[in-house]
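Student: This is the structure I have questions about; it appears just below.
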Ligand code: ATP
Ligand code: MG
């Protein structure tokens with residue numbers, strides 16, 4: 001079975017629809033075909049400034065949502081990044097083979113730092129893609145299921161793996177990105193040319209899985225659509241309606257063409273109304289299950305502790321090899 005590793009940041013009180021459709025949905029299905037490792041990447045969540053109590057809560061909420069969305073600790077390894085110290089340890093080594101200019105070319109860093117301003121841009125935000133490379137390489141992952149926004153970071157991971165292997169001997173598997181094209185970029189409902197994002201979207205552009213479903217319905221109904229009246233799939237000229245079609249198709253497992261046929265001659269309003277209903281029915285049981293997991297934090301923590309132990313069995317072995325190959329003296 002090919003190995004997969006992916007992570008999600010506990011940077012909000014809820015995941016959004018893009019996180020689910022672009023990433024977590026694939027995580028769920030890969031449990032049956034892959035040897036799957038998934039983590040709540042809390043080390044990454046402190047790169048932009050944070051509140052400790054909020055972070056703790058969000059890490060639990062994230063884990064609870066992952067379970068509610070269908071991750072099964074019997075069929076995958078689910079853990080919290082900070083429980084596995086090897087991530088930070090390998091991150092340091094990889095940062096020493098990464099060029100300053102190379103890291104500076106990361107588009108997400110440029111975007112996020114431009115928004116934060118120079119005074120609140122941390123070194124951690126700058127080096128975060130290197131830590132992400134460590135997350136992946138520690139598990140010798142073959143594939144990394146992510147949204148389109150992570151493609152460049154994955155490229156860096158591959159470069160670092162190859163560079164390390166060339167300099168110090170074969171140590172890491174070189175992973176490839178696993179991007180499901182159709183849902184790789186769910187866009188902001190109010191700004192359909194940028195991606196839906198926990199940290200960057202305006203409240204009305206973002207569908208949060210845990211928000212009041214009536215609120216989500218309202219956001220769908222007031223989503224920015226395009227000029228013209230015809231329902232067509234055209235990402236360039238009709239990004240708004242195309243995004244809604246993508247979401248609709250993904251949530252109902254119907255093909256876009258089938259939807260186009262069904263809505264021929266009908267208006268945007270009809271489509272939005274129906275999609276709002278589909279969405280409400282989709283999130284209700286997820287919210288219910290998330291609540292159940294959150295009601296028993298001790299059990300949740302236990303699940304995560306078991307996951308961390310399984311993760312460490314793999315990550316400690318990789319780190320030991322990397323340390324030896326890079327020339328660190330073995331402790332006796
Ligand atoms: P942040 O704004 O804090 O970076 P985010 O919304 O980008 O949050 P992440 O935790 O960084 O979420 O990413 C988790 C996963 O969700 C990644 O695999 C990422 O590629 C995917 N993802 C994020 N946004 C979208 C989106 N709009 N469409 C599809 N996939 C997405
Ligand atoms: Mg992100």
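The values are calculated or read from the model by the stated rules, or taken from the named source; none is laboratory data. These numbers come from a predicted model, not from an experiment. Because the Cβ atoms are built from the backbone with ideal geometry, glycine has one as well, and the counts that use them run over all protein chains shown.
Student: Anything in region 171-187 that is more than 8 Å from ligand 1 (Cβ to nearest atom) and closer than 26 Å to residue 254 by Cβ? List them, or say none.
Tutor: If the condition is that a residue be more than 8 Å from ligand 1 (Cβ to nearest atom) and closer than 26 Å to residue 254 by Cβ, then 178, 179, 180, 181, 182 are the ones that fit.
Student: Could you pull out the residue among 63, 45 that is under 17 Å from residue 153 (Cβ atoms) and touching a residue at least 12 places away in the same chain (Cβ under 8 Å)?
Tutor: Of 63, 45, the one residue that is under 17 Å from residue 153 (Cβ atoms) and touching a residue at least 12 places away in the same chain (Cβ under 8 Å) is 45.
Student: For region 212-291, list the helices (runs of 4 or more DSSP H) that sit wholly inside it and hold at least 2 residues that are modelled with pLDDT of 95 or more and surrounded by 17 or more Cβ atoms within 10 Å (Cβ to Cβ); which are they?
Tutor: 213-221, 239-252
Student: Where residues in region 198-219 are in contact with a strand residue (DSSP E or B) (Cβ under 9 Å, 6 or more places away or on another chain) and in contact (Cβ under 8 Å) with a residue 40 or more places away in the chain, which of them is nearest to ligand 2 (Cβ to nearest atom)?
Tutor: 198
Student: So for region 201-208 (the condition being more than 30 Å from residue 68 (Cβ to Cβ) and surrounded by fewer than 16 Cβ atoms within 10 Å (Cβ to Cβ)), does at least one residue qualify?
Tutor: Among the residues of region 201-208, not one is more than 30 Å from residue 68 (Cβ to Cβ) and surrounded by fewer than 16 Cβ atoms within 10 Å (Cβ to Cβ), which makes the answer no.
Student: Within region 180-197, how many residues turn out to be within 14 Å of ligand 2 (Cβ to nearest atom), in contact with a helix residue (DSSP H, G or I) (Cβ under 6 Å, 6 or more places away or on another chain) and part of a loop (DSSP other than H, G, I, E, B)?
Tutor: Residues meeting the conditions: 5.
Student: Here is a follow-up. If I ask for residues that are touching a residue at least 40 places away in the same chain (Cβ under 8 Å), surrounded by fewer than 17 Cβ atoms within 10 Å (Cβ to Cβ) and closer than 18 Å to residue 256 by Cβ, which ones from region 165-190 would you list?
Tutor: If the condition is that a residue be touching a residue at least 40 places away in the same chain (Cβ under 8 Å), surrounded by fewer than 17 Cβ atoms within 10 Å (Cβ to Cβ) and closer than 18 Å to residue 256 by Cβ, then 182 is the only one that fits.
Student: Under 8 Å between Cβ atoms, at least 6 apart or on separate chains: pull out the pairs that start in region 19-36 with a residue that is more than 15 Å from ligand 2 (Cβ to nearest atom) and end on any residue that is in a helix (DSSP H, G or I).
Tutor: Partner pairs satisfying both residue conditions: 25/69; 25/183; 25/250; 27/66; 28/69; 36/27; 36/30.
Student: Let me confirm something: among 141, 133, which residue is more than 14 Å from ligand 2 (Cβ to nearest atom) and either part of a helix (DSSP H, G or I) or free of Cβ contacts under 8 Å to residues at least 60 places away in the same chain (or both)?
Tutor: Only one candidate passes the filter, namely 133.
Student: Pick from region 2-14 the residues that are near ligand 1 (Cβ under 8 Å from one of its atoms) and out of contact with any strand residue (DSSP E or B) (no Cβ under 7 Å at 6 or more places or on another chain): which of them is nearest to residue 310 (Cα to Cα)?
Tutor: Step by step, filter region 2-14, then rank; the result is 9.
Student: Which one of these does residue 205 not meet: (1) away from ligand 1 (no atom under 15 Å from the Cβ); (2) modelled with pLDDT of 95 or more?
Tutor: Against the list (1) away from ligand 1 (no atom under 15 Å from the Cβ); (2) modelled with pLDDT of 95 or more, residue 205 comes up short only on (1).
Student: Considering region 224-243 alone, what residues qualify as being closer than 20 Å to residue 208 by Cα and in contact with a helix residue (DSSP H, G or I) (Cβ under 6 Å, 6 or more places away or on another chain)?
Tutor: Listed by number, the residues that qualify are 224, 225.
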